[in-house]
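Scroll down for the structure; my scribbles are underneath it.
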Amino acid sequence: MSSPGWRSGVLARARPLTPTARSLVFTVEDWPGNEAGQHVDIRLTAPDGYQAVRSYSLASAGFGAGSADQPELELVVDRLPDGEVSPFLVDELEVGDTVELRGPLGRWFVWTPQQTRPVQLIAGGSGVVPFVAMARAHAGAEGAAPMRLLYSLRSPADAFYRDELSSPTASVDTTWHYTRAVPAEWPRSAGRLTADDLARETLPASARPLIFICGPTGFVETVARAMIELGHADDDIRTERFGGI
Amino acid sequence: MAVFGGRRREENPDLPPGQHLTDGFPVLSAGPTPRIDEEDWAFVIQTETGVTHRWSWAELLALPSEDITVDIHCVTSWSKLGTGWRGVSLDTLFADVETSLEFVMVHSYGGYTTNLPLEEILDGKAWVVYEFDGESLDPEHGGPARLLVPHLYFWKSAKWVRGIVMQDDDEPGFWEENGYHLHGDPWREERYA
């Protein structure tokens, strides 16, 4: 296995997803493609040689919207208030600019079309990004087992990829859960995900789903524990935490 | 063209390449946090002859302990300097262990594993710790007890540790089979295989 080195990525397209988050599509020469759920490191270099590296989840699978000849990858950066790298990537990086990329990284928190079990995805906030990649890989796979997504987010304005996830042709069944503010005429009030919510809005243990949970550490801890109490086996739950704390 | 300025300029000589400081506590784990009662907890070291050395929770706490202040480096590029722990040196646990094998596989509650050369966890380089910052170790940070091998990336410091099995070769553990480096020295940026 060769050591993944740094490759140049050129920003091909970018669009805001929310007031703080931006989707970035890079063309990367020799990008080998990636499985849904993997991440990349980005390295930025200042004119004086100072470098900063951060990891970001990929929203794309395979060669993204590109091809083997012209591979693309898509990632999402959410601007952190005290961030050093994320404000630059969200507010400043321009189409045509080059960054260095390393990856694809991680082989555990991935979904592949060979997976035959039903899949339950549970996202907290920007933890939805690897699940967008999984939903896209699922849409391109014939005869794959059912995939459901429970997406917990603060308010309607915080949604990533709402149109894509809500599309009538989406192959993934998405349930939206709001913790702070709900859309007009929403049947439920805002509040944190509870064990009752999870029991009602996720696949039951009897369906033996493979479960992926991604979000801030506290969210992942709470949800993983609740899923075990609902009868799911530890071994059926894969988690990815971010935020560092 | 946008020009990256960078803001923090962390010229700290204690910071390995590619790392940046955090005041938080890096968390990297693959599944749910196991909950282990101290009554049910045990730590074992198993050698090639089949001999098993075993410590209950009370027996671990009765061993001589050390206060350890070290820098920790997570492969996801966070570092935290000057973290304070309390626990038992692996030198103490290996004092009566006879083995001719040079590698270990560390096992955790929850099923996770990580591989290490034996020499990397002896001579004051590794501990089984049960306190962080003077408090009992939270389950989400690896409690009741975790391995602490601060000179390697923090995934080697296995949370929820339950034992060590001697092995012939440096067979990969869980993260090492999933794309991470077999060794994991932060000063050489041994992040990924």
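The values are calculated or read from the model by the stated rules, or taken from the named source; none is laboratory data. The shown structure was predicted, so the numbers you read here are calculated from the model rather than taken from an experiment. All Cβ positions, glycine included, derive from the backbone under ideal geometry; neighbour counts span all protein chains shown. Accessible surface areas use protein heavy atoms only, side chains included; no ligands, DNA or RNA. Shrake-Rupley method; radii C 1.70, N 1.55, O 1.52, S 1.80 Å.
Within segment A:72-131, the set of residues being closer than 23 Å to A:E221 by Cβ, at pLDDT below 95 and touching a Ser or Thr at 6+ places or on another chain (Cβ under 6 Å) comprises A:D78, A:L80. Take segment B:145-193 and flag every residue that is out of contact with any His (no Cβ under 8 Å at 6 or more places or on another chain) and among the β-branched types (V, I, T). B:V149 - this is the single residue of segment B:145-193 that is out of contact with any His (no Cβ under 8 Å at 6 or more places or on another chain) and among the β-branched types (V, I, T).
Restricting attention to segment A:148-178, the residues that are open to solvent by 40 Å² or more (accessible area, probe 1.4 Å), touching a strand residue (DSSP E or B) at 6+ places or on another chain (Cβ under 8 Å) and within 24 Å of A:L203 (Cβ to Cβ) total 4.
Taken together, the residues in segment A:25-43 that are in a strand (DSSP E or B) and under 13 Å from the mean Cα position of the chain (by Cα) amount to 3.
Those strands (runs of 3 or more DSSP E) of segment A:91-204 in which 2 or more residues are more than 14 Å from every other protein chain (Cβ to nearest Cβ) occupy A:119-124, A:147-153, A:173-178. Just one of (1) crowded, with 19+ Cβ neighbours inside 10 Å; (2) in contact with a helix residue (DSSP H, G or I) (Cβ under 8 Å, 6 or more places away or on another chain); (3) within 13 Å of chain B (Cβ to nearest Cβ) fails for A:L80. It is (1).
Every residue, every condition in (1) more than 10 Å from the chain's Cα centre (by Cα); (2) closer than 17 Å to A:L17 by Cβ; (3) open to solvent by less than 20 Å² (accessible area, probe 1.4 Å), yes or no:
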residue: A:G103; (1), (2), (3): yes, no, yes
residue: A:T112; (1), (2), (3): yes, no, no
residue: A:Q115; (1), (2), (3): yes, no, no
residue: A:A123; (1), (2), (3): no, yes, yes
residue: A:V128; (1), (2), (3): no, yes, yes
residue: A:M134; (1), (2), (3): no, no, yes
residue: A:G140; (1), (2), (3): yes, no, no
residue: A:A144; (1), (2), (3): yes, no, no
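For segment B:111-167, taking the residues that are in contact with an Asp or Glu (Cβ under 8 Å, 6 or more places away or on another chain) and charged (D, E, K, R), the one that is least open to solvent (accessible area, probe 1.4 Å) is identified as B:E140.
Any residue in segment A:226-238 that is of a type in the set (K, R) and within 9 Å of chain B (Cβ to nearest Cβ)? Even if it seems obvious, please write down each step before you answer.
Let us first name the residues in segment A:226-238 that are of a type in the set (K, R), namely A:238.
Going one step further and asking which of them are within 9 Å of chain B (Cβ to nearest Cβ), we end up with A:238.
For segment A:226-238, residues of a type in the set (K, R) and within 9 Å of chain B (Cβ to nearest Cβ): present.
Out of B:E171, B:E176, one residue alone is more than 23 Å from B:A58 (Cα to Cα), part of a helix (DSSP H, G or I) and either more than 14 Å from chain A (Cβ to nearest Cβ) or open to solvent by less than 20 Å² (accessible area, probe 1.4 Å) (or both). It is B:E176.
Only one residue in A:L203, A:L230, A:L198 is surrounded by fewer than 18 Cβ atoms within 10 Å (Cβ to Cβ) and modelled with pLDDT of 95 or more. Which one? Lay out the reasoning, then the answer.
Working: A:L203 fails: surrounded by fewer than 18 Cβ atoms within 10 Å (Cβ to Cβ); A:L198 fails: surrounded by fewer than 18 Cβ atoms within 10 Å (Cβ to Cβ).
Of the residues listed, the single one that is surrounded by fewer than 18 Cβ atoms within 10 Å (Cβ to Cβ) and modelled with pLDDT of 95 or more is A:L230.
Flag not set for A:L11, criterion: under 30 Å from B:E11 (Cβ atoms), within 13 Å of chain B (Cβ to nearest Cβ), buried (at least 19 other Cβ atoms within 10 Å of the Cβ) and touching a residue at least 40 places away in the same chain (Cβ under 8 Å).
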